[in-house]
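First the structure, in the form of structure tokens, and then the observations on it.
The values are calculated or read from the model by the stated rules, or taken from the named source; none is laboratory data. Remember, it's a predicted structure, so these values are computed and weren't measured experimentally. Here the Cβ positions follow ideal geometry from the backbone for every residue, glycine too, while neighbour counts run over all protein chains shown.
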Amino acid sequence: MLLREPIRVKTFAHGVHPPEHKQATERKPVERMALAPELVILLSQHIGAPAVAAVDKKQQVARGELIASAGGFVSVPMHAPATGVVAKIDLAPAASGAMTPAVFLKTDPEADQTIPDPGELRDIDALGPSEIVEAVQETGMVGLGGAAFPTHVKMAVPKGKTIDTVIANGCECEPYLTTDHRLMLEQHADLFRGIRMALKATGAERAIIAVEANKPDAVETLRAATPGDLPIEVAVVKTKYPQGAEKVLIKALLGREVPSGGLPSDVSCACFNVATLAQLGYLVPRRQGLIERIVTVTGPGVERPGNYVIPIGTRLRFVLEQVGCGDAARLVILGGPMMGPAVSSLDVPVTKGVSGILVLTEAEVAVRQRETYPCIKCGQCVQACPLYLNPSLLGALARKGEYQAMEEKFHLNDCFECGCCAYVCPSSIPLVQHFRMAKAMNRKRKKGK
């Protein structure tokens with residue numbers, strides 16, 4: 001499809017070009033997955049304080065009803081993804097492997113699983129900035145791009161800071177994932193409504209929707225549908241990984257560099273995933289909570305890949321049964337292959353931050369499990385790092401246990417674990433795993449002081 005306007009492609013230095021693997025799902029419209037007989041809603045599925053259960057065992061709950069309250073400002077509430085009864089409040093496995101408190105909800109197969117019509121929609125134009133922030137927290141919204149940081153916190157401009165640009169991140173640069181692509185095509189009205197709220201909450205003068213060049217249909221659709229009263233630009237950025245990383249995208253679009261240890265607000269920006277904004281555009285006017293999300297379920301081990309609306313709390317086992325997962329499946333990853341964690345149990349539930357479920361077979365697993373060799377000082381990792389770090393040096397320090405030096409002298413915490421360094425390493429050194437371990441050891445050291 002040709003664009004009606006010429007493409008002016010923006011990008012950043014370094015990065016990599018992994019195979020996209022999006023063809024299996026990028027043209028498949030979003031469809032709804034069946035409701036599982038039991039849902040497991042983790043109370044800690046976001047950055048910040050866990051939610052606090054507001055229901056008891058055997059309590060009847062309706063779809064959309066509050067079942068857990070926010071545990072503080074940097075926290076979000078949870079809502080019932082379905083009508084049913086609370087079976088128990090107990091520990092459940094998370095993707096990290098840890099056991100965490102959760103509400104086990106037995107769904108009612110006979111119940112009407114639609115949320116009642118709210119009647120007159122809330123007038124978001126009548127809300128002030130602080131009221132928008134409060135309304136966003138009430139939805140339980142977190143970043144749907146994978147970070148799962150509470151969205152209302154990002155909308156609350158820090159004291160002493162000003163925001164002039166809201167960035168709606170529609171890059172979706174991870175291989176295999178296509179949820180944001182489909183959402184921009186199918187739910188752009190909600191996206192624009194969410195952008196309107198973000199502009200008002202932050203006081204920004206303009207918004208930029210960033211879309212990678214491999215999604216020309218989304219660019220054309222958004223440009224044609226942009227409301228005339230909103231100061232929105234649809235910007236095309238180069239198809240390259242990790243183009244959608246917050247700091248990298250700000251640099252590509254605006255030429256502004258977020259300082260080491262800093263935040264987008266330090267350069268007058270606020271960055272939100274397009275799925276996050278679209279959900280807010282739907283939920284806030286209806287005074288509803290986040291209870292489901294679009295997930296790309298794909299990979300060589302999936303018989304019916306697609307983009308599915310899946311209730312929060314659905315176990316991976318049920319999801320894979322619905323899409324057909326044969327005996328060839330060997331590895332399940334939440335998200336994309338570059339940054340997504342592999343899970344050790346199919347009892348792990350879908351959480352708000354899960355954008356994809358990737359199922360790999362033995363052939364792909366064998367490629368990922370290559371033998372590791374010593375570093376040959378080739379410098380390919382340095383050329384790939386989008387933040388200009390020295391992964392080779394950091395890896396050498398990690399092997400020597402020099403974790404504190406990695407942080408204090410060589411900017412370890414600036415690394416957002418995109419995996420570019422490990423991807424290009426000819427020695428197959430698991431650099432990202434080294435960095436994660438170093439960060440964990442530094443946290444432990446600081447906690448012990």
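Quick notes on this structure:
- Where helices (runs of 4 or more DSSP H) fall entirely within the stretch 129-197, those with at least 1 residues that are assigned by TED's automatic domain parsing to the domain that holds Arg256, under 23 Å from Thr25 (Cα atoms) and modelled with pLDDT of 95 or more are at 179-186.
- Restricted to helices (runs of 4 or more DSSP H) entirely inside the stretch 356-449, those with at least 3 residues that are touching a Gly at 6+ places or on another chain (Cβ under 6 Å) are 431-448.
- Residue check for Cys415: surrounded by fewer than 19 Cβ atoms within 10 Å (Cβ to Cβ) and more than 30 Å from Lys28 (Cα to Cα): no
- Among (1) surrounded by fewer than 22 Cβ atoms within 10 Å (Cβ to Cβ); (2) out of contact with any Lys or Arg (no Cβ under 9 Å at 6 or more places or on another chain); (3) in a helix (DSSP H, G or I) - the single one Ser344 does not satisfy: (3)
- The stretch 45-101, residues that are buried (at least 21 other Cβ atoms within 10 Å of the Cβ) and polar (S, T, N, Q): Gln45, Ser75, Thr83
- The set of residues in the stretch 120-142 being buried (at least 23 other Cβ atoms within 10 Å of the Cβ) and out of contact with any Lys or Arg (no Cβ under 7 Å at 6 or more places or on another chain) consists of Val136, Thr139, Gly140, Met141.
- Applying a threshold of 8 Å to beta carbon distances and a minimum spacing of six or more residues, or different chains, the list of pairs starting in the stretch 68-96 at a residue that is free of Cβ contacts under 8 Å to residues at least 24 places away in the same chain and ending at one that is part of a loop (DSSP other than H, G, I, E, B) reads Ser69/Ala51; Ser69/Ala54; Ser69/Pro77; Gly71/Gly48; Gly71/Ala49; Gly71/Pro50; Gly71/Ala51.
- Whenever a residue of the stretch 155-171 is closer than 10 Å to Arg206 by Cβ and without any contact (Cβ under 8 Å) to a residue 40 or more places away in the chain, it has no partner that is of a type outside the set (Val, Ile, Thr) and part of a loop (DSSP other than H, G, I, E, B) lying with C-beta atoms less than 9 angstrom away and at least six residues away or across chains.
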